[in-house]
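Engineer: Starting off with a structure, shown below.
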Amino acid sequence: MKHLLKFLILTIIYGLLYYCIEIVYRGHSHWSMFILSGISCYMIGKVNEKMSWDISICIQSIIGGLTITFGELIFGIIFNIILKMNIWDYGNMWMNFYGQICPLFSLIWCFLSVIIIFLDDWLRYIMFNESRPKYKLL
């Protein structure tokens, strides 16, 4: 029960944060982005939690970027291609894959993952009394 509560709290926080970022950036968002971002950020936190503190933040950010990109591909196939909801379209971006993912946004997700890793560590430390965060930059 404790793990489910932690999952729900963190997923809602991350979902709301990203939803607000997207509103500011694009002027609109979609409920599926709340779910995708909440779950993706939670997964980045779980990966970060399982990794040694000795793994560089750079490697962790690449893993985080890949995590978000994979989630975006799955959600894109479901919501944009199968359900034809057209929530986003990277079709005009260089090296896009069916308009659902592209290298530029994967890189952006890597940078965003650094923020997610720090935020997740500190939220877990403050809210759930987990270990105090420490980092290896390179």
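The values are calculated or read from the model by the stated rules, or taken from the named source; none is laboratory data. Computed from a predicted model, the values in this text were never measured in an experiment. With ideal geometry, Cβ positions are generated from the backbone for all residues, glycine too; neighbour counts draw on all protein chains shown.
Engineer: Picking from Ile81, Ile62, Ile77, which residue would you name as being within 22 Å of Ile21 (Cβ to Cβ) and of a type outside the set (Gly, Ala, Ser)?
Structural biologist: Values: Ile81 fails: within 22 Å of Ile21 (Cβ to Cβ); Ile77 fails: within 22 Å of Ile21 (Cβ to Cβ).
Unique residue meeting the criteria: Ile62.
Engineer: Return the residue satisfying two criteria in turn: it lies in segment 48-103 and is in contact with a strand residue (DSSP E or B) (Cβ under 6 Å, 6 or more places away or on another chain) and under 22 Å from Arg26 (Cβ atoms), and of such residues it is surrounded by the fewest Cβ atoms within 10 Å (Cβ to Cβ).
Structural biologist: Leu73
Engineer: Can I ask one more? I'd like the residue in segment 104-138 that is buried (at least 17 other Cβ atoms within 10 Å of the Cβ) and of a type in the set (Asp, Glu) and, out of all such residues, is farthest from Leu5 (Cα to Cα).
Structural biologist: My answer is Asp121.
Engineer: Let me ask you something else. Within segment 61-77, identify whether any single residue is assigned to a loop (DSSP other than H, G, I, E, B) and not basic (Lys, Arg), and answer yes or no.
Structural biologist: No, segment 61-77 contains no residue that is assigned to a loop (DSSP other than H, G, I, E, B) and not basic (Lys, Arg).
Engineer: Let me ask something additional. Tell me whether segment 48-58 contains one or more residues that are assigned to a helix (DSSP H, G or I), of a type in the set (Asp, Glu), within 22 Å of Ile9 (Cα to Cα) and at pLDDT below 95.
Structural biologist: The answer is yes; a qualifying residue exists.
Engineer: For segment 83-91, check the following and say yes or no: at least one residue is assigned to a helix (DSSP H, G or I) and of a type in the set (D, E, K, R).
Structural biologist: no
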